[in-house]
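Below is one structure, written out as structure tokens; comments come after it.
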Amino acid sequence: MSDFSEELKGPVTDDEVETSVLTGAGMHFPWLQTYIETVAIGGKRKKDFAQTTSACLSFIQEALLKHQWQQAAEYMYSYFQTLEDSDSYKRQAAPEIIWKLGSEILFYHPKSNMETFNTFADRMKNIGVMNYLKISLQHALYLLHHGMLKDAKRNLSEAETWRHGENTSSRGILINLIQAYKGLLQYYTWSKKKMELSKLDKDDYAYNAVAQDVFNHSWKTSANISALIKIPGVWDPFVKSYVEMLEFYGDRDGAQEVLTNYAYDEKFPSNPNAHIYLYNFLKRQKAPRSKMISVLKILYQIVPSHKLMLEFHTLLRKSEKEEHRKLGLEVLFGVLDFAGCTKNITAWKYLAKYLKKTLMGNHLAWVQDEWNSRKNWWPSFHFSYFWAKSDWKEDTALACEKAFVAGLLLGKGCRYFRYILKQDHQILGKKIKRMKRSVKKYSIVNPRLSY
């Protein structure tokens with residue numbers, strides 16, 4: 001970061017010597033000394049070490065919030081004095097704070113470069129053994145971000161063999177995490193080898209060599225990842241990689257066990273993705289519908305607006321159990337409760353069709369159960385005159401599906417339904433007429449009332 005450093009250097013005049021902050025690199029900041037040496041509150045001057053470093057930290061944080069990377073970098077040179085704080089607790093905490101602030105500045109500073117970041121990381125690793133593993137891991141992630149896979153792997157390997165400091169539980173988790181990220185890099189290599197293998201004929205002379213190479217990488221990856229995913233936490237990329245390899249080698253029982261534990265183990269935090277991975281696995285294995293329903297039922301409780309809820313509805317709709325078919329209606333209403341789903345034409349098509357089917361099947365109570373809790377806010381949320389005009393202009397097919405649902409729930413007097421009914425559309429004309437007949441026959445509202 002020579003350009004960056006050079007920009008901060010400059011000649012010091014005789015008048016500035018006593019009021020400048022000097023650094024080991026020869027950089028000077030005439031205007032900075034006033035800030036870090038004196039904090040003016042109510043006209044009083046405070047020169048206490050703790051107060052000046054605290055003030056400097058506040059200036060750094062403010063500069064970061066404003067994305068003033070150059071100014072933040074200048075303050076950082078002065079903040080290094082916290083490493084000599086007389087308070088042992090603050091002195092021990094200083095390296096981690098300096099690393100977090102410094103790495104953020106170097107990551108975004110326009111004149112920063114890879115060499116500067118690497119040098120800073122290497123120096124910070126060795127200021128207090130407590131931070132070595134954590135900084136090594138974050139340094140590796142930085143290298144990965146810049147596509148330097150070999151350097152990242154070397155960095156992780158060095159951290160993996162670090163043996164200084166006490167063997168605490170947090171240290172053990174960090175070691176597992178470092179090994180798992182190393183495994184993720186090995187998985188990346190395995191994926192490339194697997195792709196290479198798929199392009200070779202089994203009779204090709206190179207096939208056996210590549211196949212053995214693929215197996216070797218999978219073994220290393222499995223060994224590095226398996227320990228981490230047993231620890232309660234959110235390990236999505238590691239679980240996905242591990243399961244993919246188990247499936248590739250035909251260990252479907254092992255893959256299902258990993259995914260089931262990840263989704264249902266009470267020690268693990270609630271994680272929608274865990275249930276998504278398990279459902280997709282069961283779907284690939286053509287598992288019984290009841291198993292897939294049980295998985296998606298939990299996902300519905302966590303994320304009722306997830307896109308898989310439409311698949312969940314389809315599974316429920318096809319079930320022979322009445323409670324499932326009733327839940328199928330609830331799921332559709334649940335999806336459309338969310339603003340992000342209001343334009344989902346598939347959800348509206350499913351609801352329009354299923355509402356009619358439900359009412360034809362003499363299950364008016366099912367519809368009323370869902371509608372009673374929504375009748376005070378769905379009309380303005382979905383079926384206002386404004387939305388009728390807007391939907392018809394943007395997507396006539398969507399407007400027709402919504403109009404049918406509006407008519408069934410609010411009756412033919414609903415403004416949304418009436419507006420769509422009056423539109424002259426050559427292609428949708430017949431559909432609108434059929435919709436009008438169905439609303440007249442199946443609407444849950446007394447036809448003499450209007451909304």
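The values are calculated or read from the model by the stated rules, or taken from the named source; none is laboratory data. What you see is a predicted model; the values in this text were computed from it and never measured. Using ideal geometry, Cβ is built from the backbone for each residue, glycine included, and neighbour counts are taken over all protein chains shown. Just the protein is used for accessible areas: all its heavy atoms, side chains included, with ligands, DNA and RNA removed. Shrake-Rupley method; radii C 1.70, N 1.55, O 1.52, S 1.80 Å.
Quick notes on this one:
- In a residue-by-residue description of region 349-368, the property of being of a type in the set (F, W, Y) and under 20 Å from D424 (Cβ atoms) applies to no position.
Per-residue answers, yes or no, for (1) surrounded by fewer than 17 Cβ atoms within 10 Å (Cβ to Cβ); (2) within 22 Å of Y142 (Cβ to Cβ); (3) touching a residue at least 60 places away in the same chain (Cβ under 8 Å):
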residue: H67; (1), (2), (3): yes, yes, no
residue: A72; (1), (2), (3): no, yes, no
residue: Y79; (1), (2), (3): no, yes, no
residue: S86; (1), (2), (3): yes, no, no
residue: A94; (1), (2), (3): no, yes, no
residue: K100; (1), (2), (3): yes, yes, no
residue: S103; (1), (2), (3): no, yes, no
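- Any hit, region 364-371, residues being open to solvent by 40 Å² or more (accessible area, probe 1.4 Å), among the β-branched types (V, I, T) and in a helix (DSSP H, G or I): no
- Among (1) of a type in the set (A, V, I, L, M, F, W, C); (2) closer than 18 Å to A399 by Cβ; (3) open to solvent by 70 Å² or more (accessible area, probe 1.4 Å), the one test that W378 misses: (3)
- Filter pass, F248 being among the aromatic types (F, W, Y), under 19 Å from S191 (Cα atoms) and out of contact with any Lys or Arg (no Cβ under 8 Å at 6 or more places or on another chain): no
- Selection of helices (runs of 4 or more DSSP H) fully inside region 211-291 by the criterion of at least 1 residues being modelled with pLDDT under 95, open to solvent by 30 Å² or more (accessible area, probe 1.4 Å) and among the hydrophobic types (A, V, I, L, M, F, W, C) returns 236-248.
- Residues of region 345-362 that turn out to be open to solvent by less than 50 Å² (accessible area, probe 1.4 Å) and either of a type outside the set (G, A, S) or outside any loop (DSSP other than H, G, I, E, B) (or both), as a count: 9
Matching residues to (1) in contact with a helix residue (DSSP H, G or I) (Cβ under 9 Å, 6 or more places away or on another chain); (2) crowded, with 16+ Cβ neighbours inside 10 Å; (3) in a helix (DSSP H, G or I):
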{"residue": "M76", "(1), (2), (3)": "yes, yes, yes"}
{"residue": "R91", "(1), (2), (3)": "yes, no, yes"}
{"residue": "L106", "(1), (2), (3)": "yes, yes, yes"}
{"residue": "S112", "(1), (2), (3)": "yes, yes, no"}
{"residue": "T116", "(1), (2), (3)": "yes, yes, yes"}
{"residue": "A140", "(1), (2), (3)": "yes, yes, yes"}
{"residue": "L143", "(1), (2), (3)": "yes, yes, yes"}
{"residue": "N155", "(1), (2), (3)": "yes, yes, yes"}
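- Residues of region 358-401 satisfying the condition of being among the basic types (K, R) and closer than 14 Å to E330 by Cα: R374
- Per-region count, region 412-434, residues within 42 Å of the chain's Cα centre (by Cα) and at pLDDT 90 or above: 6
- First in region 300-313 and polar (S, T, N, Q), second anywhere and open to solvent by 40 Å² or more (accessible area, probe 1.4 Å) and assigned to a loop (DSSP other than H, G, I, E, B), Cβ under 7 Å, 6 or more apart: S305/F338
- Output for region 292-311, where each listed residue is among the charged types (D, E, K, R), more than 20 Å from the chain's Cα centre (by Cα) and either buried (at least 16 other Cβ atoms within 10 Å of the Cβ) or outside any helix (DSSP H, G or I) (or both): K297
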